1. Against the definition (among the polar types (S, T, N, Q), surrounded by 10 or more Cβ atoms within 10 Å (Cβ to Cβ), in a helix (DSSP H, G or I) and within 26 Å of the chain's Cα centre (by Cα)), how does Thr27 come out, yes or no?
2. Looking at the range 1-60 only, could you name the residues that are of a type in the set (Val, Ile, Thr) and modelled with pLDDT under 95?
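The values are calculated or read from the model by the stated rules, or taken from the named source; none is laboratory data. Source: prediction; values computed, not measured. As a convention, Cβ positions derive from the backbone with ideal geometry for all residues, glycine included, and neighbour counts pool all protein chains shown.
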Amino acid sequence: MRTLLFVLPGLAIMALAFWAYSENYETQQSLSHVRDLQAQIGTERETLAILKAEWAYLNRPARLRDLVDLNFQRLQLMPLMPHHFAGVDQIPYPQPVLPALDGTITLSGELDP
């Protein structure tokens, strides 16, 4: 009986040690995964900054104006002017369709006198 009292705590300590070791291993693996994700996020942010800079470079007004002049015969692009747009009073909005009124009133409930 006395041996059993010494063996059971020893087995419990070994089981807890195994559990703690496996939790530590999973934690280290999760931290490594987080570090990899943060490095990937940093790389993607650098790539995004480069792409934004390239987009701004390619959309310079002077460059676009030169491209329009170069391809005017094929594209026939004209600059936008205010008279190209319609005014609010020129937009044909549909008129609402109203039901015909015949003079009767429909109640949702019936009252008893």
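1. Values: among the polar types (S, T, N, Q): yes; surrounded by 10 or more Cβ atoms within 10 Å (Cβ to Cβ): yes; in a helix (DSSP H, G or I): yes; within 26 Å of the chain's Cα centre (by Cα): no.
The answer is no for Thr27.
2. Within the range 1-60, Thr3, Val7, Ile13 qualify.
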